Each structure stands twice: as structure tokens, then as C-alpha cells.
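The values are calculated or read from the model by the stated rules, or taken from the named source; none is laboratory data. Not measured: the values here are computed from a predicted model. Quick reminder, even Gly has a Cβ in these numbers, built from the backbone with ideal geometry, and neighbours come from all protein chains shown. Accessible surface areas use protein heavy atoms only, side chains included; no ligands, DNA or RNA. Shrake-Rupley method; radii C 1.70, N 1.55, O 1.52, S 1.80 Å.
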Amino acid sequence: MILIVDAHNRHHHHSVLDEMFQLRARVFGDRLGWDVRIEDGREIDEFDALDPAYVIGLDDAFNVVACVRALQTTGPHMLADVFADILQGEAPLRSATLWESTRFCVDTERLAMVGRGPGSVSRATCELMVGSLEYARSNGITDIITVIDPVMNRVLKRSDNAPYDYVGATVQMGETKAMAALLDCTEERIARVRAFAGIEGPVFVDEGAMMAARLRQAAHGDSLTDYLIDQIDAATNPDELEAALALVDAVLGPQRGATGEAQHSEHTPDFVR
Amino acid sequence: MKPLDLGAEPDDGSGTLAELLDRICARYGLDYIAYAGINTVDDSIHGVVNYPDAWKSHYVEQGYQLIDPTLIAASRSVGLVEWGRLRDFDSFRRVFRDAAEFGISTTGLTIPVRGPFGDKGMFSVVSSHTEEEWQRLRREFLSALQTEATLFHDRVMREGRSMKIMLQPTLSEREREILQWIAAGKSQFDVGVILSISTRTVEVHLRSAREKLGAMTTPQAVARAIGMRLIYPI
């Protein structure tokens, strides 16, 4: 399942984001050896402060198993500002209908490396791709430029989702290499990836149900928590949901990790998808 | 901060920026467009709308720009903001109950634009079509509206003196050589063959080059690129 988190709902998803930043630390810091800054087991950079949109893959138990970060190429983004090596000093592409995706990663430790069924790396990758492409497409975006390593590039090629081209050069980055690939957000590509991985129906998660389930998992089965979950379930409009979640925060303490997430927890309106 | 109304400012061509919005509305079958931009370089807020004057002054008198959920949402959003998702919020009801009295539809969406220097634009489009018709138009025109929103934002931002210098278009070698071949009369397909790249790659670079040059069409982009001596006249 896919969850989209951006500036408007991130105050509801501190624990999901915290898991995501830990996954990024394991993948980009430990496994790929990229030159990323890791603090307290979380990889967070300056682009995370720019209100990006995160496309997050969750398994059946709502654990984070994959993620990617989207930014407009019209504004500050990584290829323009920090991946200059890849572009070999050239100016970056800048287009209203082109989004940049970075920090694309999948939890290869939690998932099975073989096969393409549920619970496999291949399935999680494809679902994340479908979620990203569909989210971009629903915004009128026609193409995505994505910074990936050669392993992810092979995974894309193998899953009938090969980039149609690359920009700049493949350059050494830490222990592995990085490249910028172009993907079109066409219905044809989405259909191909869905067919390859056997993904049918909507990939996006029901946000309310997901939050209640994660709360239930973290709870100790006491009646107070049950009451709070009931309040979330009973919410029929965004204002009521906001009130229910504020109550959760007030009673249980903010559901956030130790990553400085608190600074983002001001009550911006929640735009439930 | 009180927004600066740029509606009467001239656009690049013959009319005003508000008239430019009228033309965009006519092109896509929209009622109104409201643009709000934040220039972080010279710290100013700009507004251009083609709403009826009565609603425009009521909106500013009530200070609705401070609570308008479409603006607040879009200012921190990557994706577009569908008004349908905001309808249940109190702030939306307050602003749009008033809007309805002035005959403004509550069907629409806001496209967030981000510029390279932290500048932001919020481009709201209003439609009075039926829900079904709106969904169809939306699908058909969304990519084009994304582009219109960015071009409009860049145009407004370029008016700031400090931005004028910073927003000089920087084309990559690939963008430049594609424009050069187009100027030489080659089709996009031809250019792909000449450079051994896919037509889609030609298209994505060309689109980027057009937008950097503030051009709606490829011929316009070629003309501007020659004018700026980025490519050679042939």
C-alpha cells in the first residue's frame, strides 16, 4: 500500500516518517555508502525541509518498506543543487510537468530478494513505482527524472519499467554509482508495471484506517486507547478527524520520533486525500 | 503584509496581466483565475486576479488572503490542491460561502508553483462546470495548466529587478543543440534520429527549454533563443 505524506498531513505521520528516515539511513548510509549525513540513525537532508511530497510503501502490517521523495524541478531540487556531478556542469532540466524523484529505496533486509509476489523486493519496488507514477499523473505531471543507483536501474529494467533515457553521466557516489533516469508517467507504463507485478486495484492506503491500525499496534490494549481509536473511526469530516488526532496527541503524547520532527508539528490544516 | 495588485501591470505583449488571465480562462473554458506570488528575494507578495471588482475588494477587506485555505494549502504543497477536499473545513466554508454570494463557483483547484529562489506562486482556477464536465476538463488540461501556472509565475517574478538578472535562462548543451536543429528546420523526430536519442527525450528537453525561455510554443522559444544569442540564426 502507498501513503502520500506532504506538509499538510505530516503532523499525523511522525512515526511513519521516522521509520522512513531510518530506512534511508540503512540504505544510503550503510548499504550504498553515499556521502549522506546520518544523525541518531536517521538520514535527513536540507531538501526534507522544503516540504517535499513523500511516496511511502507500507507492508500489510503498515511498516515502512519503501520510499521516495518528490520535488518540482521548477524550484530547488537535488539535481540543480547537489548532484551537479551527474549533470557534468550542465544546467538542469526545469519544467512544470517534470518532477524530480530522489532517495528512492526499498527495504531489502525486510523483504525477500527472490520472486515477485507480495513481500518481495520486486513487488515493493513496483508498487512504489505505480504509486509515484499515478500520484504524479494525477497532478498533470508527464515525466519524472529520478536519481538512482545501478542496482535500482536494473530492477526497473527487469520489471518492464526501463527508463526511456538518462541525463548526464553515471558517476561514482560513495561505494556505488548514481545516475539520473527519465521515466514517462503514461498509462502504458503504469499498466506495464502493474501487469509485471500483478498489482490490481488502487494502491493508495485508507489514511484513517492506517492511523488507527498503527495506533492499535503501539497500544497496550487499554480502554483509553480503544476510546481514542473509536474517536478516529467515528470522525466524519476533516475537522472531526483533526480534533480526534489532537486528542491522541494530548493524551498519549505526540506520536513522533526523536528526529526534530516536533518543529513540523504546527497545526496546518489537514488535507485528507 | 498587504498584497500588491499587479492586475493592471502590462504583460509581455499588448495587454495587462489580468487580461492575460482572461485569455488563459478563454483557452481552457475557466471562469476566473487568481494568482498569488511570494517573492522571497525582495520580500513582496503579488496578486493578479480577474475576479469581478466587487468580490476582489470584499476579499481583501475581509483579509481572506490570510485564511484562504486554498492559498495556505498550496504554499506548502508539491501536488495540486483540489478544492473538493477542502469543502468540509470551516475556513473554506467561510470564504466560499461569501464567494457564492458574489456568484463565484466553489469548483476549482490551486496549482502550487515553486521557483528556484524559494519564490512561490499559487495559481487558482475556478470553473462553474458540472462536476462531471469539470473532471473531464481537468484531465484534459491539467498538464497545460501546470505549464501556464509556471510561465505566469516566472513572468511576475521577472518583474522584480533583482530577479531579472537571476532568471536569465540557462540552457544545457542538450537543450541548446535541440533548439539549434529545430531552428534549422528539423522536426522533433528528425532531431531524435540526428542525435541518436528518443523522440520523448527530445520532447522533455524541448519542453524544459521552452519554459526556461518563457515561451508557449517552440517557434517562440527558437526566436527568443536567437534573440538572446543562445543559438545561431540559420
If you go through the range B:174-189 one residue at a time, do you hit one that is open to solvent by 10 Å² or more (accessible area, probe 1.4 Å) and either closer than 26 Å to A:PHE47 by Cβ or assigned by TED's automatic domain parsing to the domain that holds B:ILE24 (or both)? yes
Residue check, A:LYS157 against (1) touching a helix residue (DSSP H, G or I) at 6+ places or on another chain (Cβ under 8 Å); (2) under 30 Å from B:GLU173 (Cα atoms), all met but one. Which one? (1)
With A:PRO92, A:PRO76 as the choices, which residue is closer than 18 Å to A:ALA169 by Cα, open to solvent by 10 Å² or more (accessible area, probe 1.4 Å) and over 10 Å from the mean Cα position of the chain (by Cα)? A:PRO92
Scope the range B:26-59; condition more than 12 Å from the chain's Cα centre (by Cα), under 19 Å from B:TRP83 (Cα atoms) and in contact (Cβ under 8 Å) with a residue 60 or more places away in the chain; matching residues: B:TYR28, B:GLY29, B:LEU30, B:ASP31, B:TYR32
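Results for (1) without any contact (Cβ under 8 Å) to a residue 24 or more places away in the chain; (2) in contact with a Gly (Cβ under 9 Å, 6 or more places away or on another chain), shown as yes or no for each residue.
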residue	(1), (2)
A:LEU87	no, yes
A:ALA91	yes, no
A:GLU100	no, no
A:VAL114	yes, no
A:MET129	no, no
Quick check, is A:GLY33 more than 14 Å from every other protein chain (Cβ to nearest Cβ), under 21 Å from A:THR146 (Cα atoms) and either of a type outside the set (Phe, Trp, Tyr) or open to solvent by 10 Å² or more (accessible area, probe 1.4 Å) (or both)? yes
Qualifying positions in the range B:168-202 - away from chain A (no Cβ under 12 Å) and assigned to a loop (DSSP other than H, G, I, E, B): B:ALA184, B:GLY185, B:LYS186, B:SER187
Among all residue pairs at least 6 apart or on different chains, which show Cβ distances below 9 Å where the first residue, located in the range A:223-237, is in the same structural domain as A:LEU247 (by TED's automatic domain parsing) and the second is open to solvent by 70 Å² or more (accessible area, probe 1.4 Å) and of a type in the set (A, V, I, L, M, F, W, C)? A:LEU224/A:LEU252; A:THR225/A:LEU252; A:LEU228/A:LEU252
Note on B:PHE123: of the conditions (1) at pLDDT 95 or above; (2) more than 28 Å from B:HIS58 (Cα to Cα), unmet is (2)
Please verify whether the range A:28-37 includes one or more residues that are outside any helix (DSSP H, G or I) and either hydroxyl-bearing (Ser, Thr, Tyr) or modelled with pLDDT of 90 or more (or both). yes
Exactly one of these conditions fails for A:VAL151: (1) away from every other protein chain (no Cβ under 14 Å); (2) in contact with an Asp or Glu (Cβ under 9 Å, 6 or more places away or on another chain). Give me its number. (2)
Of all residues in the range B:78-119, which are of a type in the set (Lys, Arg) and either in a helix (DSSP H, G or I) or more than 8 Å from chain A (Cβ to nearest Cβ) (or both)? B:ARG85, B:ARG87, B:ARG93, B:ARG94, B:ARG97
Out of curiosity, is B:ILE234 outside any helix (DSSP H, G or I), modelled with pLDDT of 95 or more and β-branched (Val, Ile, Thr)? no
Output the residues belonging to the range A:61-80 that are in a loop (DSSP other than H, G, I, E, B) and within 14 Å of chain B (Cβ to nearest Cβ). A:THR73, A:THR74, A:GLY75, A:PRO76, A:HIS77
I'd like to know if the range B:102-109 contains one or more residues that are closer than 26 Å to A:SER132 by Cα, out of contact with any Ser or Thr (no Cβ under 8 Å at 6 or more places or on another chain) and open to solvent by 30 Å² or more (accessible area, probe 1.4 Å). no
Checking the structure you have, find out if any residue of the range B:203-225 is in contact (Cβ under 8 Å) with a residue 24 or more places away in the chain, among the polar types (S, T, N, Q), within 12 Å of another protein chain (Cβ to nearest Cβ) and not in a helix (DSSP H, G or I). no
A:LEU58 passes all but one of the listed conditions (1) within 11 Å of another protein chain (Cβ to nearest Cβ); (2) more than 17 Å from A:PHE28 (Cβ to Cβ); (3) open to solvent by less than 30 Å² (accessible area, probe 1.4 Å); (4) touching a Leu at 6+ places or on another chain (Cβ under 7 Å); the exception is number (1)
Filter result for B:ALA149 (within 11 Å of chain A (Cβ to nearest Cβ) and touching a Phe, Trp or Tyr at 6+ places or on another chain (Cβ under 6 Å)): yes
Can you tell me which residues in the range B:50-77 are of a type in the set (A, V, I, L, M, F, W, C), away from chain A (no Cβ under 14 Å) and open to solvent by 30 Å² or more (accessible area, probe 1.4 Å)? B:ALA54, B:VAL60
